[in-house]
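S.K.: Could you have a look at this structure, given as structure tokens, before my questions?
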Amino acid sequence: MSLTRERETLRSEISAFCKKLVLSQRAVTLCETEATPKQEEFLHRVLAEEMESRERSRRSRLMSRAGFPVYKTLDGYDRHGVKLPTSLLWSDLTEGTFIQGRRNLVLYGPVGTGNYRKNLVMERFSVEP
């Protein structure tokens, strides 16, 4: 009984992959009529890896289109003198979690303090997950 449920779950995931990859549902039909469990698992793995590959390509394409002048990180950034609001941690800035939380951040300060660099990092976080 559980083997049948597992195969049904696998087939529904294969069906979802086919829809996302804009393929016909013929693969699902063939799984039902001709495929062994190992063949279904293999097809599932192939489609899942194709989805991941397309997602990586999409992210790379978006990064290229964004046209960031230089790929910058906050590694080695001297944060001495940087004052953050009490509701914001440095990790929120370095990991971009404030973006997922839809919180605003205003960067200001004198010339040469790294505001532009922080801005480039934040722009990259808005494109990358």
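S.K.: Suppose we filter S53, S87, S64 for residues that are of a type in the set (G, A, S) and modelled with pLDDT of 90 or more; which single one remains?
M.R.: Answer to the selection: S53.
S.K.: Looking at V121, V46, V82 in this structure, which one is farther than 30 Å from S12 by Cα, modelled with pLDDT of 65 or more and among the aliphatic types (A, V, I, L, M)?
M.R.: V82
The values are calculated or read from the model by the stated rules, or taken from the named source; none is laboratory data. Since we're looking at a predicted model, the values are computed, not measured.
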